[in-house]
1. (1) open to solvent by less than 20 Å² (accessible area, probe 1.4 Å); (2) under 22 Å from L5 (Cβ atoms); (3) touching a residue at least 60 places away in the same chain (Cβ under 8 Å): which one isn't true of W103, the others all being true?
2. Only residues that are touching a residue at least 12 places away in the same chain (Cβ under 8 Å) and open to solvent by 60 Å² or more (accessible area, probe 1.4 Å): list them for region 242-271, please.
3. When region 402-426 is examined, which residues are found to be open to solvent by 10 Å² or more (accessible area, probe 1.4 Å) and touching a Leu at 6+ places or on another chain (Cβ under 7 Å)?
4. Name the pairs whose Cβ atoms lie under 6 Å apart, with the first residue in region 195-218 and without any contact (Cβ under 8 Å) to a residue 60 or more places away in the chain, the second polar (S, T, N, Q), and 6 or more positions between them or separate chains?
5. Give the residue that is least open to solvent (accessible area, probe 1.4 Å), with candidates limited to residues of region 372-401 that are in contact with a Gly (Cβ under 8 Å, 6 or more places away or on another chain) and modelled with pLDDT under 95.
6. How many of the residues in region 142-176 are assigned to a helix (DSSP H, G or I), over 17 Å from E203 (Cα atoms) and touching a residue at least 12 places away in the same chain (Cβ under 8 Å)?
7. Name the residue, out of H300, H328, that is at pLDDT 95 or above, under 18 Å from the mean Cα position of the chain (by Cα), on the phi > 0 side of the Ramachandran plot and surrounded by 18 or more Cβ atoms within 10 Å (Cβ to Cβ).
8. Yes or no: region 100-110 includes at least one residue that is in a strand (DSSP E or B) and touching a Pro at 6+ places or on another chain (Cβ under 6 Å).
Amino acid sequence: MDMDLGIDRAAVAGLRAERMDWRFKGMPAKSFGMRVGDALDAGLDLFSDEFVAPLVVLDEPALEHNLRTMADWCARQGVALAPHGKTTMAPQLFVKQFERGAWGLTAATISQLRVYRAFGVRRVLMANQLVDSGGLRWLTGELDRDPAFSFSCLVDSVAGVARMTEVLGTRPSSRPLDVLVELGGKGGRTGARGLDAAIEVAEAVKRSGALRLVGASGYEAALAHGTSEADLATVDAYLAELRQLVLRLASAGHFEGLEQVIVTAGGSAYFDQVAAAFVERWPRDLPVIGVLRSGCYLTHDDGLYQRVSPFHRAHRLQGGEPFRPALHAWGQVSSHPEPALALLTMGRRDVPFDQDLPQPQLRRHADGSTTPLARARVTQLNDQHAFLALGAGEPLEVGEWVRFGVSHPCTTFDKWPLIPLVNGTRVVDLVRTFF
């Protein structure tokens, strides 16, 4: 394992040996039976090698731009980044994030953690309370097996602490399980409701014997859903409360003896405010490391994150370049039953629809050239069809392809086990996902 990187490069490189076949939708039939690496070495072209519709692709230049932009910005701000791996569940993309300085990876579930460990990920922050007995027992075995494996998860209730302590007591580990107290908010998601409740959880951890408190956590996007001044003020107030929790825990001696106190929050919508709260001066004797958990920055999108990303709100730009959409879907016109309506081979099984419908962008002609589609729009998605209302002067032909921007990458990747990474039309990699 490449211990300096934080992930096992050899295990990731081993994905090139996987055989391509019918399991991977969209792939050209000529690649069936070939190893992924052999197919790439032979050369694949998005337009000329009979990829079949629908198809989702990643744009390499945009992806690299986003990786560089986020890494540089975090370095300037003085915060660490543990990107949420649930966005992509793609070890090849994890490597790229580690190469750009990622501190670790964030997980949401024990099953995600198992994928990470299969590829040797060394530091994981689980942004949930882990009360599953089977998961906890597997985890303790993993911690004992690999002394270099660093893991922490959240706790948000005395009952949760008691449950974890009971399970862990049946299989003692050579080291306690590191946890962070999670602060929630009224009407939000998980997390202790209020400072006093959070302090009670910390006291329960101290009594546990099986757990060790190493910091505090929050999730600001559970309390705000837009970019109005009221939304931004709600986020700032919550982050101020999270800071207050850390200071109260420190004053009560909960972090004595720690070389590092983890304070973490941050989705992909308000990470600028999170960073500002984390780099505000802490007491000299409190060794805080602020950790962001943003995941969707990697591919960005043409919908939700285009609207809410701090890098796309000029008044909060703070020296960051705008991210670029790196995730696109291609569908093919299968029917043109009315002059202003086309049906494409792309539906809810292929593209996200939980935030916004896909946005038509380009029409690909038979000769491989493309022209913009400025007025067309998707009005409805069925399981396997997209209803495309055509703008005046934007006719389509049966058999032509259309490229779409998507909204919300988290509900795109899970539909595609193998995704072409392209530079222009040349396929430079095939990205494997594990959901």
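1. Status for W103: all satisfied but (1).
2. Q244, L247, R248, E259, Q260, listed by residue number.
3. Within region 402-426, R403, H408, T425 qualify.
4. S208/T165; A210/T165
5. Among residues in region 372-401 that are in contact with a Gly (Cβ under 8 Å, 6 or more places away or on another chain) and modelled with pLDDT under 95, the one least open to solvent (accessible area, probe 1.4 Å) is L373.
6. So the count comes out to 6.
7. Of the residues listed, the single one that is at pLDDT 95 or above, under 18 Å from the mean Cα position of the chain (by Cα), on the phi > 0 side of the Ramachandran plot and surrounded by 18 or more Cβ atoms within 10 Å (Cβ to Cβ) is H300.
8. no
The values are calculated or read from the model by the stated rules, or taken from the named source; none is laboratory data. None of the values given here were measured: they were computed from a predicted structure. Positions of Cβ are generated from backbone atoms using ideal geometry, with glycine treated the same way; all protein chains shown enter the neighbour counts. Remember, those area values only see protein heavy atoms, side chains included, never the ligands or the DNA or RNA. Shrake-Rupley method; radii C 1.70, N 1.55, O 1.52, S 1.80 Å.
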